[in-house]
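Reviewing the structure listed below.
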Amino acid sequence: MDRSVLESDPHSVLEGMVIAGFAIGAGQGYIYVRAEYPKAIERLNIAIAQAEAKKFLGDGIWGTSFSFHVKLKEGAGAFVCGEETALMASIEGKRGMPRVRPPFPATKGLWECPTSINNVETFANVPWIVTNGSRAFSSLGTANSKGTKVFAMAGKVKRGGLVEVPMGISIKEVVFDVCGGIKGDRKFKAVQMGGPSGGCIPAELQNTIIDYESITKTGAIMGSGGLVVMDETTCMVDVARFFLEFTQRESCGKCTFCRVGTKRMLEVLTRICDGEGKDGDIELLEQLASLVRNTSLCGLGQSAPNPVLTTIKYFRSEYEAHITNKKCPAHNCKPLLTYTILDSCIGCLMCAKVCPTKAITGELKKVHVIDQTKCTHCGECHKACRVDAIAVD
Ligand SMILES: Cc1cc2nc3c(=O)[nH]c(=O)nc-3n(C[C@H](O)[C@H](O)[C@H](O)COP(=O)(O)O)c2cc1C
Ligand code: SF4
Ligand code: SF4
């Protein structure tokens, strides 16, 4: 979402930063942008040169005594470098690791100077607010969350991409009215909000309005506005495993529970998805999640358990089905699937031809059989059967 703002309207961010610099008496601004976003970097460089040529940026802005310069810092893609103290360390050329606060950046930040750190979207909103007035901005939104929010819509939604909606709109309105509903008109199951550290909100709570307080109450977070839509084919245990795999890999390793606790949680989730879950695994995940959350120094560790805790809270029965019945209700976790050929099989040999392990036997025009000891649950036979004669359970 932020990359798109930088690529499509870099001047709005520069102008927002100049106004912020003027307001707090700063002369130097930095934009921390991933090196993996070359188009954003290219366009920011062009915009900076254009703004400097017009005297909107640099020395003596608009012929006044106010000067403000902007430098780009290309980050090497570490998630933890989004955390403010790690971000400043990275700009200073140090290893991008969070540090204890206080001191907070506002008192002692970059190069030990007072520093204001804001998101790209926040700065991009500033020129509009200054031009149109704060009343116009706050006429949209709720009591404590004003204006609009941009979401990067992804997953099983008909119209994905970026949408800008007023704060206070419901999840249901964003998914169905703005984005056209669920792909293939499948059943809406949940949304995951707030990126890898966010949480899952179930379809039952689709009337929840989007503002900072309401989203936080569900256990998710607004974050920078990632919104992944999930349908009935999404396994919520696998979703938790997927996001935790990311945060665990991105942990900087400074705090023991963030470094080791997330690793142990990932191991438990992986074994549940592999059909090797044990009684007590859910409670173990909850205990580890609480320890990771409460003993981590920065937001990465504090929020890493969110996807696990919210999926346990709203989809506990899916965890139980994996652990106790060795079944994946969404038919997603391959080791837990059983493929069987029904009597409606017309004996066309299609499934036998595509099976990579030669697990299917049968004569032409006779019902085929799967040898379960050879089946690797790849699903190729199910896809190949033209008469829907292969059941998945
Ligand atoms: C692990 C971690 C990653 C973060 N990544 C980003 C990021 O990619 N972009 C961003 O704007 N803020 C990110 N943040 C939040 C920033 O540290 C900071 O709080 C935010 O940019 C403040 O801006 P705002 O008050 O204008 O929203 C991250 C925080 C944490 C803990
Ligand atoms: S919580 Fe995790 S990412 Fe944050 S400082 Fe500790 S180890 Fe590093
Ligand atoms: S799921 Fe894959 S391995 Fe199993 S019978 Fe079908 S094609 Fe063969």
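Looking for whichever is in contact with a strand residue (DSSP E or B) (Cβ under 9 Å, 6 or more places away or on another chain) and either within 15 Å of ligand 1 (Cβ to nearest atom) or of a type outside the set (Lys, Arg) (or both) here; the options are 219, 261, 277, 253. Which one fits?
Values: 261 fails: in contact with a strand residue (DSSP E or B) (Cβ under 9 Å, 6 or more places away or on another chain); 277 fails: in contact with a strand residue (DSSP E or B) (Cβ under 9 Å, 6 or more places away or on another chain); 253 fails: in contact with a strand residue (DSSP E or B) (Cβ under 9 Å, 6 or more places away or on another chain).
Result of the check over 219, 261, 277, 253: 219.
Please work out if residue 295 is away from ligand 1 (no atom under 16 Å from the Cβ) and modelled with pLDDT of 95 or more.
Against the criterion (away from ligand 1 (no atom under 16 Å from the Cβ) and modelled with pLDDT of 95 or more), residue 295 does not qualify.
Where helices (runs of 4 or more DSSP H) fall entirely within the range 57-147, those with at least 2 residues that are within 12 Å of ligand 1 (Cβ to nearest atom) and modelled with pLDDT of 95 or more are at 84-91, 120-132. Could you tell me whether the range 354-363 includes any residue that is farther than 15 Å from residue 388 by Cα, more than 16 Å from ligand 1 (Cβ to nearest atom) and acidic (Asp, Glu)? Yes, the range 354-363 has at least one match.
Results for (1) surrounded by 22 or more Cβ atoms within 10 Å (Cβ to Cβ); (2) within 16 Å of ligand 3 (Cβ to nearest atom); (3) among the hydroxyl-bearing types (Ser, Thr, Tyr), shown as yes or no for each residue.
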site	(1), (2), (3)
254	no, no, no
275	no, yes, no
278	no, no, no
281	no, no, no
285	yes, no, no
296	yes, no, yes
305	yes, no, no
321	no, no, no
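With the structure loaded, tell me whether residue 241 is outside any loop (DSSP other than H, G, I, E, B), among the basic types (Lys, Arg), under 26 Å from residue 336 (Cα atoms) and out of contact with any strand residue (DSSP E or B) (no Cβ under 9 Å at 6 or more places or on another chain) or whether it fails that test. Against the criterion (outside any loop (DSSP other than H, G, I, E, B), among the basic types (Lys, Arg), under 26 Å from residue 336 (Cα atoms) and out of contact with any strand residue (DSSP E or B) (no Cβ under 9 Å at 6 or more places or on another chain)), residue 241 qualifies.
Being more than 9 Å from ligand 2 (Cβ to nearest atom) and of a type in the set (A, V, I, L, M, F, W, C) is the filter here, so list the residues in the range 281-301 that pass it.
Passing the criteria: 282, 284, 285, 288, 289, 291.
The values are calculated or read from the model by the stated rules, or taken from the named source; none is laboratory data. In this text, all values refer to a predicted model and were calculated from it rather than measured experimentally. We place every Cβ from the backbone using ideal geometry, glycine too, and count neighbours over all the protein chains shown.
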